[in-house]
Structures are given as C-alpha cells and as structure tokens.
1. What number goes with the only condition from (1) surrounded by fewer than 18 Cβ atoms within 10 Å (Cβ to Cβ); (2) free of Cβ contacts under 8 Å to residues at least 24 places away in the same chain; (3) touching a strand residue (DSSP E or B) at 6+ places or on another chain (Cβ under 6 Å) that residue 58 does not pass?
2. If we scan the stretch 82-91, do we find a residue that is surrounded by fewer than 17 Cβ atoms within 10 Å (Cβ to Cβ), in contact with a helix residue (DSSP H, G or I) (Cβ under 6 Å, 6 or more places away or on another chain) and either modelled with pLDDT of 85 or more or closer than 25 Å to residue 111 by Cβ (or both)?
3. Out of the residues in the stretch 66-81 that are without any contact (Cβ under 8 Å) to a residue 60 or more places away in the chain and surrounded by fewer than 18 Cβ atoms within 10 Å (Cβ to Cβ), which is farthest from residue 108 (Cα to Cα)?
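The values are calculated or read from the model by the stated rules, or taken from the named source; none is laboratory data. This is a predicted model, so every value here is computed, not measured. Backbone-built Cβ (ideal geometry, glycine too); neighbour counts: all protein chains shown.
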C-alpha cells in the first residue's frame, strides 16, 4: 500500500492468494499493487471487467478449467487455474480456457 492510497480485495481472493500463490505476504502486497496500477490504467482507457457471472457462464458453456486475462483480484476462484501472460495466479496452464482478450496487454494479446 502506498500512503495515502489503499485498495480493497475480497477476503476470499486474498486468503486464496495467500495460500496458493505466494508464501510471502510482502510479495503478495507487491503483486497486488502492480495489478491494481495495471487495472486502473485499463479502466482509465475505458475497459470494464466482465462480471463473475459472465465468466462463470463462459466457463460452463466452454467446459473451461482455466481463465486467461483479468487481474489477480478479479479472477473468479471457480476456475482451476488462472493467470495473465507469464504471470500465473494459481493452478496449471492446461485445459480449455476462457480468454479475456481486452484485459491483456498488447504483448499478451500477441501470445
């Protein structure tokens, strides 16, 4: 957190991330800070994240196990794995995937 700024993350996502993503709380805070900055830039450019219900519907329709895109704080825990680009939030990088193309950077979109 940066004085005087703060951020909010759902407790379920925070607890899940603490246990499955990172062992060091300080490292988790740094990742969340970077993800927050990235999300704010996307939103300033007009991007709006899909709701969890939309992502879960896409997951069900496509029998997807993985989410590619979005931010650590907004990725639904219903997916077995999630990440964006080279950053793996949790799980393995295999199985059918829901890709949120618009939330990715240009280099991530090329990948």
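1. Only one criterion in (1) surrounded by fewer than 18 Cβ atoms within 10 Å (Cβ to Cβ); (2) free of Cβ contacts under 8 Å to residues at least 24 places away in the same chain; (3) touching a strand residue (DSSP E or B) at 6+ places or on another chain (Cβ under 6 Å) is unmet by residue 58, namely (2).
2. yes
3. 78
Residues are listed down the side, and each one gets a yes or a no for (1) assigned to a helix (DSSP H, G or I); (2) at pLDDT below 85; (3) in contact with a helix residue (DSSP H, G or I) (Cβ under 6 Å, 6 or more places away or on another chain); (4) surrounded by 13 or more Cβ atoms within 10 Å (Cβ to Cβ):
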| position | (1), (2), (3), (4) |
| --- | --- |
| 4 | no, yes, no, no |
| 9 | no, yes, yes, yes |
| 14 | yes, yes, no, yes |
| 19 | yes, yes, no, no |
| 38 | yes, no, no, yes |
| 49 | no, no, yes, yes |
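Rundown of residues vs (1) over 23 Å from residue 31 (Cα atoms); (2) assigned to a loop (DSSP other than H, G, I, E, B); (3) in contact with a helix residue (DSSP H, G or I) (Cβ under 8 Å, 6 or more places away or on another chain), yes/no style:
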| residue | (1), (2), (3) |
| --- | --- |
| 55 | no, no, no |
| 64 | yes, yes, yes |
| 67 | no, no, yes |
| 95 | yes, yes, no |
